[in-house]
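The values are calculated or read from the model by the stated rules, or taken from the named source; none is laboratory data. Note that the coordinates shown come from a computational prediction; the quantities given were computed from them, not determined experimentally. Don't worry about glycine lacking a Cβ; one is built from the backbone with ideal geometry, like all the others, and counts go over all protein chains shown. Ligands, DNA and RNA are stripped out before the accessible areas are found, and what is left, the full protein with its side chains, is counted by its heavy atoms. Shrake-Rupley method; radii C 1.70, N 1.55, O 1.52, S 1.80 Å.
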Amino acid sequence: MYTEKVMDHFRNPRNVGEIEKADGVGEVGNAKCGDIMKIYLKINDNHIIEDVKFQTFGCGSAIASSSMATELIMGKSVNDAVELTNKAVIEALGGLPPVKVHCSVLAEQAIKAALYDYAQKKNIQIKGLEDFNPNADEDFHDHVHGEE
Ligand code: FES
């Protein structure tokens, strides 16, 4: 059911952890399954992603997706990174079962949220994020806050 690549990234996830004083941080969640993903970016003055780390509290596919997504954007410019789609993550993993597609969407969204955070802090525009809504997962956050 799961490809070798998915199992590999699930068992040995790359780039796990957090970056202190990250230039961009994005956190997203899926209200249905309750999984949470956080992405940290270290970005240099040329807008190149020098380092990326993730923390995922979620299913195996979410862990594999975030691990693969961090590898795919490492060393890329923010303009290239913003183009990463969940489809590209799935392809790089050699496929995901249909019920697990949303796990890869979480990875795409977490990266976009981190890039959005970076753009806000630097007061720059990143093409492709014009319509990005950082509060798209508001229901999720309300849900979390409601339980605090
Ligand atoms: Fe929700 Fe995988 S089951 S992220």
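Answer yes or no as to whether S104 is closer than 22 Å to L129 by Cβ, touching a strand residue (DSSP E or B) at 6+ places or on another chain (Cβ under 7 Å), within 14 Å of the ligand (Cβ to nearest atom) and open to solvent by less than 50 Å² (accessible area, probe 1.4 Å).
Criteria not met by S104.
So which of A92, A64 is touching an Asp or Glu at 6+ places or on another chain (Cβ under 9 Å) and within 13 Å of the ligand (Cβ to nearest atom)?
When all the criteria are applied, what remains is A64.
Evaluate the range 42-59: report whether one residue or more is buried (at least 18 other Cβ atoms within 10 Å of the Cβ), within 10 Å of the chain's Cα centre (by Cα) and not in a strand (DSSP E or B).
For the range 42-59, residues buried (at least 18 other Cβ atoms within 10 Å of the Cβ), within 10 Å of the chain's Cα centre (by Cα) and not in a strand (DSSP E or B): absent.
So, of the residues in the range 36-60 that are within 20 Å of Q120 (Cα to Cα) and of a type in the set (S, T, N, Q), which turns out to be farthest from the ligand (Cβ to nearest atom)?
Once the filter is applied, the top-ranked residue is N46.
Residues of the range 11-41 being basic (K, R) and surrounded by fewer than 19 Cβ atoms within 10 Å (Cβ to Cβ), which ones?
Hits for the range 11-41 are R11, R14, K21, K32.
Of the residues that make up the range 18-35, is at least one closer than 16 Å to D117 by Cβ, of a type outside the set (D, E), touching a residue at least 24 places away in the same chain (Cβ under 8 Å) and within 13 Å of the ligand (Cβ to nearest atom)?
yes
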